[in-house]
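Novice: Questions regarding the structure given below will be posed in turn.
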Amino acid sequence: MSLGQSATPLGKVKGLGASGHGGHHWLEERFTSVSLVLLSLWLVFSLAMLPELSREVLKEWLGSAWGAVPMTLFIVTAFKHGLDGMKVVVDDYVHEEGNRIALHFLLTMAAIAGAATSLFALAKIAFGAA
């Protein structure tokens, strides 16, 4: 059976894509999607369980490990998933190699800057500096 005749969706993408890593990228998108769904449910449930949504209560909640650690995972996963999605859009619609590389670089730098800023703000809240 050749690569294109695989019976499963994963088998069809495995080994395809840039540098033969299509299957890995496909799985990574699914894992980050499922993680974001679970973390979003955690976030909504956690916020619903708080007595009120005042600044002081939110600071106390994010200052605990039960608030800060999953929020850190949420931030990192959200920026990673968003970056991967935007890179796929660039790969699909930007055909000149130089422009594609430049856009990948700019998107990566923007995602790193956004994630770093978000994590810095969370750290300030979690460690009591805010």
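Novice: Given the condition closer than 20 Å to Ser33 by Cα, out of contact with any Gly (no Cβ under 7 Å at 6 or more places or on another chain) and among the small types (Gly, Ala, Ser), answer yes or no: does some residue in the stretch 51-68 qualify? If you could, list the steps in order and put the result at the bottom.
Specialist: Residues of the stretch 51-68 closer than 20 Å to Ser33 by Cα: none.
There is no residue in the stretch 51-68 that is closer than 20 Å to Ser33 by Cα, out of contact with any Gly (no Cβ under 7 Å at 6 or more places or on another chain) and among the small types (Gly, Ala, Ser).
Novice: Identify the residue in the stretch 1-49 that is among the small types (Gly, Ala, Ser) and in a loop (DSSP other than H, G, I, E, B) and, among all such residues, is modelled with the highest pLDDT. Can you show your working first?
Specialist: Within the stretch 1-49, the first condition is being among the small types (Gly, Ala, Ser), and the residues that meet it are 2, 4, 6-7, 11, 15, 17-20, 22-23, 33, 35, 40, 46, 48.
Filter again for in a loop (DSSP other than H, G, I, E, B), leaving 2, 6-7, 15, 17.
Details: Ser2: 51, Ser6: 58, Ala7: 61, Gly15: 55, Gly17: 52.
Per the criteria, the residue is Ala7.
Novice: Mind listing whichever residues of the stretch 103-122 are over 22 Å from Glu29 (Cα atoms) and free of Cβ contacts under 8 Å to residues at least 40 places away in the same chain?
Specialist: Thr117, Phe120, Ala121
Novice: Any idea which residue in the stretch 90-114 is farthest from Thr72 (Cα to Cα), counting only those that are surrounded by 13 or more Cβ atoms within 10 Å (Cβ to Cβ) and β-branched (Val, Ile, Thr)? Even if it seems obvious, please write down each step before you answer.
Specialist: Within the stretch 90-114, the subset surrounded by 13 or more Cβ atoms within 10 Å (Cβ to Cβ) is 90-91, 94, 100, 102-104, 107-108, 110-111, 114.
Retained after the next criterion (residues that are β-branched (Val, Ile, Thr)): 90, 94, 108.
Numbers: Val90: 27, Val94: 32, Thr108: 19 Å.
Among them, the one singled out is Val94.
Novice: Quick one: how many residues across the stretch 68-92 are touching a residue at least 24 places away in the same chain (Cβ under 8 Å) and either within 30 Å of Ala129 (Cβ to Cβ) or small (Gly, Ala, Ser) (or both)?
Specialist: Matching residues across the stretch 68-92 total 16.
Novice: Confirm whether His95 is in a loop (DSSP other than H, G, I, E, B) and either touching a residue at least 60 places away in the same chain (Cβ under 8 Å) or out of contact with any strand residue (DSSP E or B) (no Cβ under 9 Å at 6 or more places or on another chain) (or both).
Specialist: Numbers: in a loop (DSSP other than H, G, I, E, B): yes; either touching a residue at least 60 places away in the same chain (Cβ under 8 Å) or out of contact with any strand residue (DSSP E or B) (no Cβ under 9 Å at 6 or more places or on another chain) (or both): yes.
Yes: the conditions hold for His95.
Novice: Next question. Return a yes/no flag: does the stretch 71-80 have any residue that is touching a helix residue (DSSP H, G or I) at 6+ places or on another chain (Cβ under 9 Å), modelled with pLDDT of 95 or more and of a type in the set (D, E, K, R).
Specialist: Within the stretch 71-80, one or more residues are touching a helix residue (DSSP H, G or I) at 6+ places or on another chain (Cβ under 9 Å), modelled with pLDDT of 95 or more and of a type in the set (D, E, K, R).
Novice: For the condition modelled with pLDDT of 95 or more and in contact with a helix residue (DSSP H, G or I) (Cβ under 8 Å, 6 or more places away or on another chain), what is the one hit in Leu119, Leu106?
Specialist: Numbers: Leu106 fails: in contact with a helix residue (DSSP H, G or I) (Cβ under 8 Å, 6 or more places away or on another chain).
Only one candidate passes the filter, namely Leu119.
The values are calculated or read from the model by the stated rules, or taken from the named source; none is laboratory data. Everything quoted here is computed from the prediction, not taken from an experiment. Note that each Cβ is placed from the backbone with ideal geometry, even for glycine, and that neighbours are counted across all protein chains shown.
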